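Please treat every number below as a calculation from the coordinates, not as lab data. All values derive from a computational prediction rather than experimental measurement. Cβ coordinates were reconstructed from backbone atoms using ideal geometry, including for glycine residues, and neighbour counts include every protein chain displayed.
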Amino acid sequence: MGGYEKLIALLDEYGARYRLIDHEPEGRTEVVSAYRGHPVEHAAKCMVVMVKTGKKTRRYFLAVVPGDARVDLGRLKALAGGTYASFATPEKAESLAGSTSGTILPFSFHEDLELVVDPALLDVSPDIFFNAARLDRSLALRTEDYAAHLRRVGARVEPITAKG
């Protein structure tokens, strides 16, 4: 089962309120937000970050921030008690996320990918928007249903946003 199918199955299982939005294929947050017709800050931007926690140990985080923000690698490094943080290679990010860059979901389906969401995303709009593991289809999800999911899976809600 691919990322799109896993996402829809999960949302339906918990009765989440969402709507699908078909659009031209696009993975850049600023461009696809215009296609979907919402301000860029209402988008969930999802990045996979690697944090070194020892000489040979690493942890991977799915960092989710508002679409007009960037991930603060220093904050993630501190949260993990790490010594170094960087964005994961595209190959590693796609492997852990189960979808291609530009379509990474704000949900983790991999045990080695820890979900961390900036609280600003949960306060910005009644809906959050993101590509649904596809470049040509997005999802508008009720923010309160996403927050309920975060509580269910024990995801961390921590300030990891650097504006600008």
**OP:** Just give me the residues in region 1-16 being part of a loop (DSSP other than H, G, I, E, B) and touching a Lys or Arg at 6+ places or on another chain (Cβ under 8 Å), in sequence order.
**Re:** TYR14, ALA16
Original post:
Restricting the first residue to region 96-113 and requiring it to be within 13 Å of VAL49 (Cα to Cα), which pairs with a second residue that is part of a loop (DSSP other than H, G, I, E, B) meet a Cβ separation below 6 Å and a spacing of at least six or different chains?
Top reply: LEU96/HIS110; ALA97/ILE104
**OP:** Take region 17-42 and flag every residue that is part of a loop (DSSP other than H, G, I, E, B), closer than 19 Å to SER99 by Cβ and more than 17 Å from the chain's Cα centre (by Cα).
**Re:** HIS23, GLU24, PRO25
Original post:
Hey, any hits in region 81-89 for a residue that's surrounded by 18 or more Cβ atoms within 10 Å (Cβ to Cβ), closer than 17 Å to ARG156 by Cα and touching a residue at least 12 places away in the same chain (Cβ under 8 Å)?
Top reply: yes
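One line per residue, one yes/no per condition, for (1) among the small types (Gly, Ala, Ser); (2) under 15 Å from the mean Cα position of the chain (by Cα); (3) in a loop (DSSP other than H, G, I, E, B):
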residue: ARG70; (1), (2), (3): no, yes, no
residue: ALA78; (1), (2), (3): yes, no, no
residue: SER101; (1), (2), (3): yes, yes, yes
residue: LEU105; (1), (2), (3): no, yes, yes
residue: LEU115; (1), (2), (3): no, yes, no
residue: ALA120; (1), (2), (3): yes, yes, no
residue: PHE129; (1), (2), (3): no, yes, no
residue: ARG134; (1), (2), (3): no, yes, yes
residue: PRO159; (1), (2), (3): no, yes, yes
